[in-house]
Amino acid sequence: MSARKNSKTKEPVQLSGEPGTIVAHLGVAVEVAFEDGTRRSVRVKRSSGHVVGDRVEVQDEVLRRLDRNSLIERRDAMGAVRTVAANLDLLCIVVAPRPATTAGFVDRAMVAARAAGMRPVLVVNKCDLPEADEDFDGFLSVFEGHLPILRVSTKLGDGLDPLHALFAEGLRGAFVGVSGVGKSSILNSLCPEAGLIVGAINEQNALGRHTTSVATLHSLPGGGELVDTPGFRDFGPVAISAVDLAHHFCAFDDLLAERCKFGNCLHRSEPGCQVRLALEQGRLSKERHETYLSLLAELEEQEKLNGWR
Ligand SMILES: Nc1nc2c(ncn2[C@@H]2O[C@H](COP(=O)(O)OP(=O)(O)OP(=O)(O)O)[C@@H](O)[C@H]2O)c(=O)[nH]1
Ligand SMILES: [Mg+2]
Ligand SMILES: [Zn+2]
């Protein structure tokens, strides 16, 4: 609705702009898709903070951002906060046997999704490769039961129907993951008219080449929308309190059902800690506890910098 009359409070009628959604951020301009199906670029300041997925109203080249339902942010290696996308229902963490993704990346992405009120989904691509072996299955198995795991191969065209079904209710999701796992390739398979550029990984070091440089939002033919994002490795936590972290860390879900001795336990080395007990009994891997500890240390550092304590 572009203009709304409020007869009860007798406020003057507020003229608002044309409603739309930001579908691409091009630095000095954003591309807005309007409800009538048209699109156009609107100039913005680089520092405007607008992101793909933002609902906006545009009037005379002035862009007003509407309230967000959700926002996914991350801290990069330099400590800067980067916004990934806004107004998402699902965060699809894309991994592949090659290039490899660390379990820590998946855990961190899951923390970010849960803290932002989005459902995380693990999308496993390139299931056709010989590297999709027992070791790789072992890597995936620690996440089983904590989020849906969908296996695909864009090369073989396998596993696309369950992905379509995931979005069919009209949900909006974003693909995140390290460069080269095939985020743009999967989107092209789901939505051939997206026409995204894909790039071969570097055979020498088996790393992606950062082919995608801007986030873009696409409507899927079977319903729903998906954001393709440029690959990144650093998923530093943003705007989560150190005390809340454990509740967003899926490896602790069952462990925290049994309460720790102290209500404000940070699950480091406190006496009577259920996490520590699980670690000692081998029910929690050292690697995952270390991921938690590194997230905790990063959040405590931020809280110190922000003077929260
Ligand atoms: N074997 C195999 N290769 C695939 C599959 N999907 C994608 N690839 C290849 O993986 C490489 C990287 O694909 P992209 O789609 O560009 O990866 P991306 O995740 O978008 O990478 P960035 O944009 O750099 O973040 C390309 O050479 C693709 O052809 C698959 O299912 N199997
Ligand atoms: Mg890409
Ligand atoms: Zn504890």
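The values are calculated or read from the model by the stated rules, or taken from the named source; none is laboratory data. Being a predicted model, the structure only gives us computed values, none of them experimental. Ideal geometry is used to build each Cβ from the backbone, glycine not excepted, and the neighbour counts take in all protein chains shown. Surface accessibility is based on the protein's heavy atoms, side chains included, excluding ligands, DNA and RNA. Shrake-Rupley method; radii C 1.70, N 1.55, O 1.52, S 1.80 Å.
Going by the conditions given, is G272 within 16 Å of ligand 1 (Cβ to nearest atom) and surrounded by fewer than 14 Cβ atoms within 10 Å (Cβ to Cβ)?
Numbers: within 16 Å of ligand 1 (Cβ to nearest atom): no; surrounded by fewer than 14 Cβ atoms within 10 Å (Cβ to Cβ): yes.
The answer is no for G272.
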- Item | Qualifying position, being in contact with a Gly (Cβ under 9 Å, 6 or more places away or on another chain) and modelled with pLDDT of 95 or more, among E225, E280 | E225
- Could you pull out the residue among G180, G145 that is open to solvent by less than 50 Å² (accessible area, probe 1.4 Å), in a loop (DSSP other than H, G, I, E, B) and not basic (K, R)? G180
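Yes or no, residue by residue, for (1) within 16 Å of ligand 2 (Cβ to nearest atom); (2) among the charged types (D, E, K, R):
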{"site": "V152", "(1), (2)": "yes, no"}
{"site": "G159", "(1), (2)": "no, no"}
{"site": "L171", "(1), (2)": "no, no"}
{"site": "K183", "(1), (2)": "yes, yes"}
{"site": "L187", "(1), (2)": "yes, no"}
{"site": "R209", "(1), (2)": "yes, yes"}
{"site": "S213", "(1), (2)": "yes, no"}
{"site": "D234", "(1), (2)": "no, yes"}
- From S241, S219, S285, S213, residue being of a type in the set (S, T, Y), touching a residue at least 60 places away in the same chain (Cβ under 8 Å) and either touching a Lys or Arg at 6+ places or on another chain (Cβ under 8 Å) or open to solvent by 50 Å² or more (accessible area, probe 1.4 Å) (or both): S285
